[in-house]
Amino acid sequence: MKDSKTEILVSGGLPQLETSRQPSTGFFQCAGSGEALLKPSLLPMALESCELSPDRKARDSWGSSLEFLMSCIALSVGLGNVWRFPFTALENGGGAFLIPYLVVLFVVGKPIYYMEMLLGQFSSRGIVQVFDFAPLMRGVGYAQLLALGVLATYYASVMALTLRYFFDSFASELPWSFCREEWGDGCVSASGAQTLQGTLSRNFSSSTQLYLQRIVLNETDSLEQGIGYPSGSLALMLGISWLTVTLIIIRGVKSSGKASYVLALFPYVVMFILLVRALTLPGAYAGVMYFLTPQWEKLLEPQVWYNAVTQVFFSLAVCFGVIIMYSSYNRFGHNVYRDAHIVTTLDTFTSLLSGVIIFGILGNLAHESGTKDIASVVKAGPGLAFISYPDAIAKFKMFPQVFSLLFFAMLFMLGVGSNVGMVSCIMTVLKDQFVNVKLWIIVVSISVIGFLVGLIYITPGGQHIITLMDFHGVTFVSLVSAIFELIAVGWIYGTKRLCQDAEYMLNIKTSNYYRICWSIVTPMVMLVILVYSLLTMRPLSYNGQEFPLAYRVIGWCVSGCIIGQLFYWAFYANCKQTKGSLKSRINNSLKPHSDWGPLDPKKLMDYQMYLRNKEEEHSKNFNRRCVCYTAGDRIFG
């Protein structure tokens, strides 16, 4: 037996237990922990001497389990459900899109959501520190953090737009429902008898489209002359948006947990009101049936499956680190298996509910315009929430202002719920890094920086920049980081080890469905989607115009900076290892830190004993070591 100042290496991929690490490393400090593992009689003495290093202090926790669930619902049920899903379905075969959507939900959405809940709750770590299970892959956390920062800043600008429309809805006549003289003869009143589709062929535009482009955004046709200056009214709305987020998270999960009830439940109240109104409109039945009736030939198109994956991926907000962060504030042993099923099921239900509402309204628009072609009465695209929806509301004969207020209040609440999660994730990383800085200082600093960056998105060229950053700073890099995260968990840390952690924490045996998805199906699906997106990639454009070369270069520089985190932190982790061959340093940086596991020191010691027993039991029953057996063992145990 080596003395307590030396390392005790545990075979079988268990943590390297060290009792002489410096506190700055953030590793578990526990005198005699090595002897306790090998001599259970010494365990009580070891537990008495266990303490957490300064970097692993006790975390805040949710006020109740319901707060965690409501926060996850507010995060995952967002603009993607109400805004994006109905029109993604419209463009991809209506009811036929539901089939790949549900398939992808079961092979990508549910497995990743449950996996991230397990990791966060088990380790009580944020988006970066959770990769202590494989330090070489810590760059995945930093890449997701940067992508989250990009997403949070432009998401707030969308919230600013919803606020602008919300306050505009108090007017005696909805300002986008009529044409202005300066728009000329090419305008068609949204509240009039003419429809948008019926006049597009004659180069006419709806008053809702012109209102957004010329009044609200003052949008420029191209970026050749620059992006312009921020809009004063939108800057005020942006400030209110960030102030709202700041006040909700100013005390961390203690305050955001209380706000989650309103953020999660209010949108459903509005949606059910809109559902009743939509289904009572003339022609609504035809619209709903168009949504639910499959166009089977669409199932053979790869683009439909690609859109299904991206819809599920971004709707549930998986592989952004927010779910890991929220789960890290749970009490150890909370039933996240149940919560993962609730949130993913409710997210799907919300998407379907939104589809019924929107297609009911579209059916009414088709009825009013005298056409049976549902797809022809709406303009899809990035501005659909501020063109198509207001256009439909303007045609309501009774109380259009009331429905407009409800709709944009709902959109704002959905945006706040999602942005609270994103900003909280960034806040958690900074708080874990700067433990002595007061929380409110971190929150206010993030909000001020977010507001200043967000001013770019409310300029005349802001929508161009949002399109650029959405692809290069969020969509593309998130697919890449997601693949690396799935490889890190499923194969480096190991599906078998993750299932052991779940059994220890929840006392639940993991089914083969999750084991196969985590290790094989889900990573392969995401890899295929990434390859497909690369093969079908075209020069980025907005409103049919390609971005100037300089902006495309900037976009790829942003992507390179974020993806580069994967390689930088891998190199850093390798260099931090003790001297040895390159192979040995890489192998060591792929092993969990010595304090990987539950936050509570006593639970951590018990967990290490649990792993030791599992390893001994495994070594007695199985001795084969062929490649096929090893791969199968890492999946099924």
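The values are calculated or read from the model by the stated rules, or taken from the named source; none is laboratory data. In this text the structure is predicted, and so the values were computed from the model without any measurement. All Cβ positions, glycine included, derive from the backbone under ideal geometry; neighbour counts span all protein chains shown. Protein only, heavy atoms only, side chains kept; ligands, DNA and RNA dropped before computing areas. Shrake-Rupley method; radii C 1.70, N 1.55, O 1.52, S 1.80 Å.
Identify the residue in region 468-503 that is touching a Pro at 6+ places or on another chain (Cβ under 9 Å) and open to solvent by 30 Å² or more (accessible area, probe 1.4 Å) and, among all such residues, is nearest to residue 569 (Cα to Cα).
487
Is it the case, given these coordinates, that residue 219 is out of contact with any Cys (no Cβ under 8 Å at 6 or more places or on another chain), of a type in the set (Asp, Glu), under 29 Å from residue 92 (Cβ atoms) and in a helix (DSSP H, G or I)?
No: the conditions fail for residue 219.
Looking at region 43-91, which of the residues that are open to solvent by 20 Å² or more (accessible area, probe 1.4 Å), modelled with pLDDT of 90 or more and in a helix (DSSP H, G or I) is farthest from residue 411 (Cα to Cα)?
Step by step, filter region 43-91, then rank; the result is 65.
When you look at residue 332, is it in contact (Cβ under 8 Å) with a residue 12 or more places away in the chain and open to solvent by 40 Å² or more (accessible area, probe 1.4 Å), yes or no?
Judged against the criteria, residue 332 is a match.
Please verify whether residue 259 is among the aliphatic types (A, V, I, L, M) and modelled with pLDDT under 90, treating the condition exactly as stated.
no
What helices (runs of 4 or more DSSP H), lying completely within region 92-173, carry at least 1 residues that are open to solvent by 20 Å² or more (accessible area, probe 1.4 Å) and within 26 Å of residue 241 (Cβ to Cβ)?
138-168
Select from region 235-266 the residues that are more than 15 Å from residue 452 (Cβ to Cβ) and among the small types (Gly, Ala, Ser) and list them in ascending order.
Correct list: 252, 255, 256, 257, 259, 260, 264.
So, in region 76-107, exactly how many residues are out of contact with any Leu (no Cβ under 9 Å at 6 or more places or on another chain) and not charged (D, E, K, R)?
So the answer is 8.
Considering only region 251-271, I want to know if a residue exists there that is part of a loop (DSSP other than H, G, I, E, B), open to solvent by 10 Å² or more (accessible area, probe 1.4 Å), under 30 Å from residue 325 (Cα atoms) and out of contact with any His (no Cβ under 9 Å at 6 or more places or on another chain).
For region 251-271, residues part of a loop (DSSP other than H, G, I, E, B), open to solvent by 10 Å² or more (accessible area, probe 1.4 Å), under 30 Å from residue 325 (Cα atoms) and out of contact with any His (no Cβ under 9 Å at 6 or more places or on another chain): present.
Take the residues in region 564-591 that are small (Gly, Ala, Ser) and open to solvent by less than 50 Å² (accessible area, probe 1.4 Å); name whichever of them is nearest to the chain's Cα centre (by Cα).
By that ranking, first place goes to 564.
With the requirement that a residue be over 17 Å from residue 240 (Cα atoms) and in a helix (DSSP H, G or I), what does region 451-470 give you?
If the condition is that a residue be over 17 Å from residue 240 (Cα atoms) and in a helix (DSSP H, G or I), then 462, 463, 464, 465, 466, 467, 468, 469, 470 are the ones that fit.
Conditions (1) more than 29 Å from residue 236 (Cβ to Cβ); (2) open to solvent by 50 Å² or more (accessible area, probe 1.4 Å); (3) at pLDDT 85 or above; (4) among the hydroxyl-bearing types (Ser, Thr, Tyr), marked per residue:
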site	(1), (2), (3), (4)
377	yes, no, no, no
380	yes, no, no, no
399	no, yes, yes, no
419	no, no, yes, no
423	no, no, yes, no
426	no, no, yes, no
431	yes, yes, yes, no
435	yes, yes, yes, no
460	no, no, yes, no
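Can you name every residue in region 437-457 that is of a type in the set (Val, Ile, Thr), open to solvent by less than 60 Å² (accessible area, probe 1.4 Å) and modelled with pLDDT of 95 or more?
Selection gives 442, 443, 444, 446, 453.
Restricting the first residue to region 537-563 and requiring it to be surrounded by fewer than 15 Cβ atoms within 10 Å (Cβ to Cβ), which pairs with a second residue that is assigned to a strand (DSSP E or B) and modelled with pLDDT under 95 meet a Cβ separation below 6 Å and a spacing of at least six or different chains?
Listed by first residue and then by second, the contacts come to 539/546.
From the set of residues in region 592-618 that are over 15 Å from residue 501 (Cβ atoms) and open to solvent by 60 Å² or more (accessible area, probe 1.4 Å), which is modelled with the highest pLDDT?
Among them, the one singled out is 602.
At pLDDT 90 or above and closer than 15 Å to residue 79 by Cα: does that describe residue 414?
Considered against the rule, which asks whether it is at pLDDT 90 or above and closer than 15 Å to residue 79 by Cα, residue 414 comes out as yes.
Assess whether residue 275 counts as being farther than 17 Å from residue 416 by Cβ and in a helix (DSSP H, G or I).
So residue 275 fits the description; yes.
Which one of these is within 27 Å of residue 135 (Cα to Cα) and in contact with an Asp or Glu (Cβ under 9 Å, 6 or more places away or on another chain): 514, 568, 607, 572?
Residue meeting the stated conditions: 607.
For region 482-538, how many residues are among the polar types (S, T, N, Q) and under 22 Å from the mean Cα position of the chain (by Cα)?
Count: 3.
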